[in-house]
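I have placed the structure first, in the form of structure tokens, so that the comments after it can refer back to it.
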Amino acid sequence: MNAQPVIEKLRSRDESGLQDLLQHFGPLLRYVIKPFLSDERDREEVLQNVLLTVWEKIDSFDTEKGSWTSWLTAIARNAALNRARTEKRHKADELTEEEAALDPASAPEKAMLRKERRDALLGALASLKKSDRILFYRKYYYRQPTAQIAAELGLTERAVEGRLYRIKQKLKNLLEGELS
């Protein structure tokens, strides 16, 4: 489906653009949201939030920065992940007693280290073959189950797990070379 008519309707604030968006891209959005949330009501609520976000931020979509489907799936993934964090009250979102006791002056250093690690990981991912990079993102970014990935790629679960293991080993070797 050519996304341009949907984008134009949304940019001109034509509400039928939301219906077109849901009709043509709803299955993709649901596909992205599903691995993060087990409750159907939560998934539908997140989908509605995604539609609202697209409506509000359509003017920030830029084809120079990425594709329409990449932009949509990033919004959907982030909304689902945020909802999952809220629902499960991940410990990662809460300060532990140790973290609370740390010197606040060390926060900028931690932020710098996180940025350096992130940049190193993105560089290592970019060096992978496209098929390996896609497999890695499906498993660890979109959190798709191994069985689903295997079924959609026509592979066995064991083959997918083997490829993921080799990809992780390659990333580990690449990252150790950059960090040493």
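Of the residues making up the range 151-168, those that are among the β-branched types (Val, Ile, Thr) and in a helix (DSSP H, G or I) are Val160, Ile167.
Scanning the range 61-72 finds one or more residues that are at pLDDT 85 or above, among the basic types (Lys, Arg) and within 30 Å of Lys172 (Cα to Cα).
Among the residues of the range 54-63, is any in a helix (DSSP H, G or I) and under 13 Å from the mean Cα position of the chain (by Cα)? No, there is no match, as no residue in the range 54-63 is in a helix (DSSP H, G or I) and under 13 Å from the mean Cα position of the chain (by Cα). Applying a threshold of 6 Å to beta carbon distances and a minimum spacing of six or more residues, or different chains, the list of pairs starting in the range 104-126 at a residue that is at pLDDT 85 or above and ending at one that is assigned to a helix (DSSP H, G or I) reads Ala120/Leu175; Ala120/Glu178; Ala124/Leu171; Ala124/Leu174; Ala124/Leu175; Leu125/Arg133. Is there a residue being out of contact with any Pro (no Cβ under 6 Å at 6 or more places or on another chain), among the hydroxyl-bearing types (Ser, Thr, Tyr) and exposed (fewer than 14 other Cβ atoms within 10 Å of the Cβ) anywhere in the range 142-154? Taking every residue of the range 142-154 in turn, none turns out to be out of contact with any Pro (no Cβ under 6 Å at 6 or more places or on another chain), among the hydroxyl-bearing types (Ser, Thr, Tyr) and exposed (fewer than 14 other Cβ atoms within 10 Å of the Cβ). Taken over the range 64-77, the residue count meeting the criterion of being under 15 Å from Gln48 (Cβ atoms) and assigned to a loop (DSSP other than H, G, I, E, B) is 0.
Against the criterion of being under 30 Å from Glu45 (Cβ atoms), assigned to a helix (DSSP H, G or I) and either touching a helix residue (DSSP H, G or I) at 6+ places or on another chain (Cβ under 8 Å) or at pLDDT below 90 (or both), Ala80 qualifies.
Results for (1) part of a helix (DSSP H, G or I); (2) within 16 Å of Tyr142 (Cβ to Cβ); (3) within 21 Å of the chain's Cα centre (by Cα), shown as yes or no for each residue.
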| position | (1), (2), (3) |
| --- | --- |
| Asn2 | no, no, no |
| Leu10 | yes, no, no |
| Leu21 | yes, no, yes |
| Leu29 | yes, yes, yes |
| Arg41 | yes, no, yes |
| Glu45 | yes, no, yes |
| Gln48 | yes, no, yes |
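The values are calculated or read from the model by the stated rules, or taken from the named source; none is laboratory data. Source: prediction; values computed, not measured. Glycine also receives a Cβ, built like all others from the backbone with ideal geometry; neighbour counts cover every protein chain displayed.
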